[in-house]
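Here the structure comes first, spelled out in structure tokens, and everything after it is commentary.
The values are calculated or read from the model by the stated rules, or taken from the named source; none is laboratory data. Note that the structure is predicted; figures quoted are calculated from it, not measured. Methodologically, a virtual Cβ is constructed for each residue, glycine included, from the backbone with ideal geometry; neighbour enumeration extends over all protein chains shown. For the accessible areas, the whole protein counts, side chains as well, though only heavy atoms, and no ligand, DNA or RNA atoms are used. Shrake-Rupley method; radii C 1.70, N 1.55, O 1.52, S 1.80 Å.
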Amino acid sequence: MDFSLGDRAEFFRDEVRNFLAEHLTTEVVERMHSTGTFDDKDFNVALAEAGLLAGAVPGYGDRDPIELYILFNELEKAGAPYDGLAVTMLVAGVVNAVGTDLHRDTVLPQLLSGRSSCCLGYSEPDYGSDLAAITTRAVRDGDEWIIDGQKMWTTMAHEAEWVILLTRTNPDVPKHKGLTMFLVPMDTPGIEVQPVPTMASERTNATFYDGVRVDDGCRLGEVDDGWAVMGIALAFERGVMGGTNPAVPLLRHVRSWAAKTPAPDGGTILNDPLMLERTARTAIANQVSQLLTLRAAWIAATGGLPGLEGSMAKLYATERYQQTVRWFQQMAGAEGLLSFGTDGAAADGWIDYDGRHSPVTTIYGGTTEINRNNVAERHLGLPRSR
Ligand SMILES: Cc1cc2nc3c(=O)[nH]c(=O)nc-3n(C[C@H](O)[C@H](O)[C@H](O)COP(=O)(O)OP(=O)(O)OC[C@H]3O[C@@H](n4cnc5c(N)ncnc54)[C@H](O)[C@@H]3O)c2cc1C
């Protein structure tokens, strides 16, 4: 079995690293954490101009999904703002797969230029895991649709130009069969965005849709076939677009902090046996996460949909991330609870930040329990839980 990605991929990785060395400044990282907006349009445009986003869609430049995986893997490891960009690129992939020529000609180039971004309008106050039960209605009116409802956790809605919106178009059929997906401009009259702060400092939003009129040309996929469109979007979200190696920056910050922190009996705490064991276990988990993600990326690169493999990668990586940060928080003691910019904060506040951030990674994009069910049913052949 050959785990190397080949010369072309390694060359691309170098290109990305060189780009980050030049463009990922301390200001970009600080702005992301102080605003809670994990997206930076200037940074995105620079990535596009360097030709690094083209792997999101086959046929745009000579890039492929493995390169897209490498891009997000490097952005994540470097601690760059990539959440908004990942959503935008996954929507670009969906638009390419099921959009109309109009979508491909008008929306895709905007998304791939880094100038326009997209948010995900799936979850509602009462429906997250059970997405097929959502109640936001879209009712046909000639060549238009009228949309009414409320979405919850619409991260990046305050920045995005578009929302990919899951709606109910037929309430009289089984729930999976009456859904339709739309790609709606966020400046359409009737859309309201309200901020929702989170403990991880990331801002998300509640969004309201009141008599929102959209042309039928905004529809993505067939009427009542929105569940199939969701499947494509979720496979890429869980598998390829980062979020699957979050403990890499944590390990880097912890190691450099431990190497500077004196141990009671001389030397530094980096050589403490428990620290050595935990950093080694974290490095191993990071490598396993990387390989699981790589498998999902390879499946996407060879024309498949990494639904199950994406679930496995996300489940493993986010659970290990949460466990790892608890270990280091325990070892850092009270200083592990101090945040960025506070005197004495362990690892300059990164342990505290990752402690607040890690829980949500096991929730968004599909919870741990839902991914476990997915693996149990589709891989192990266990009976459906519901
Ligand atoms: C910070 C943040 C950002 C987010 N960003 C977005 C976004 O941009 N767009 C978007 O559409 N959504 C977004 N989400 C929503 C996210 O995808 C949902 O929160 C998630 O899918 C869980 O849904 P829920 O919150 O309704 O919890 P619920 O579905 O009510 O689940 C509650 C608990 O029950 C468990 N559970 C539910 N069903 C089952 C089952 N069948 N078997 C076993 N256990 C089960 C869950 O695992 C969980 O532990 C975001 C969420 C957060 C917190």
Qualifying positions in the range 337-362 - in contact (Cβ under 8 Å) with a residue 24 or more places away in the chain and either within 11 Å of the ligand (Cβ to nearest atom) or surrounded by fewer than 20 Cβ atoms within 10 Å (Cβ to Cβ) (or both): F340, D348, R356, H357, P359, V360, T361, T362
Any pair with Cβ under 8 angstrom, 6 or more apart, that starts in the range 153-180 at a residue that is within 25 Å of A200 (Cα to Cα) and ends at one that is more than 13 Å from the ligand (Cβ to nearest atom) and charged (D, E, K, R): E159/K41; E161/D187
Residues located in the range 127-158, provided they are under 13 Å from K175 (Cβ atoms) and of a type outside the set (S, T, Y): D130, L131, A132, A133, I134
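Scanning for something closer than 26 Å to T155 by Cβ, assigned to a helix (DSSP H, G or I) and more than 25 Å from the chain's Cα centre (by Cα), does the range 336-344 turn up at least one residue?
Looking for residues that are closer than 26 Å to T155 by Cβ, assigned to a helix (DSSP H, G or I) and more than 25 Å from the chain's Cα centre (by Cα), one finds at least one in the range 336-344, hence yes.
Is it fair to say R384 is within 13 Å of the ligand (Cβ to nearest atom), of a type in the set (D, E, K, R) and open to solvent by 30 Å² or more (accessible area, probe 1.4 Å)?
Details: within 13 Å of the ligand (Cβ to nearest atom): yes; of a type in the set (D, E, K, R): yes; open to solvent by 30 Å² or more (accessible area, probe 1.4 Å): yes.
Judged against the criteria, R384 is a match.
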Residue within the range 196-213 that is open to solvent by 60 Å² or more (accessible area, probe 1.4 Å) and either more than 30 Å from S34 (Cα to Cα) or part of a helix (DSSP H, G or I) (or both) present: yes
Hits in the range 74-96 - residues which are open to solvent by 40 Å² or more (accessible area, probe 1.4 Å) and either aliphatic (A, V, I, L, M) or within 16 Å of the ligand (Cβ to nearest atom) (or both): none
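Condition first: within 16 Å of the ligand (Cβ to nearest atom), assigned to a loop (DSSP other than H, G, I, E, B) and among the hydroxyl-bearing types (S, T, Y). Can you find one or more residues in the range 53-64 that meet it?
no
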Pairs with Cβ under 7 Å, 6+ apart, first in the range 8-20 and among the β-branched types (V, I, T), second surrounded by 12 or more Cβ atoms within 10 Å (Cβ to Cβ): V16/L52; V16/I70; V16/L71; V16/E74
Scope the range 158-176; condition open to solvent by less than 60 Å² (accessible area, probe 1.4 Å) and away from the ligand (no atom under 14 Å from the Cβ); matching residues: R168, T169, N170, V173
Residues within the range 123-151 that are within 16 Å of T207 (Cα to Cα) and near the ligand (Cβ under 7 Å from one of its atoms), tallied: 4
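Here's the yes/no breakdown for (1) under 18 Å from the mean Cα position of the chain (by Cα); (2) at pLDDT below 95; (3) open to solvent by less than 20 Å² (accessible area, probe 1.4 Å):
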residue	(1), (2), (3)
V193	no, no, no
V229	yes, yes, yes
F236	yes, yes, no
V240	yes, yes, yes
Positions within the range 97-122 being under 19 Å from G221 (Cβ atoms), within 16 Å of the ligand (Cβ to nearest atom) and not aliphatic (A, V, I, L, M), in sequence order: C118, C119, G121, Y122
Filter result (within 22 Å of A301 (Cα to Cα) and either in contact (Cβ under 8 Å) with a residue 24 or more places away in the chain or surrounded by fewer than 20 Cβ atoms within 10 Å (Cβ to Cβ) (or both)) within the range 21-60: L47, A48, A50, G51, L52, L53, A54, A56, V57, P58, G59, Y60
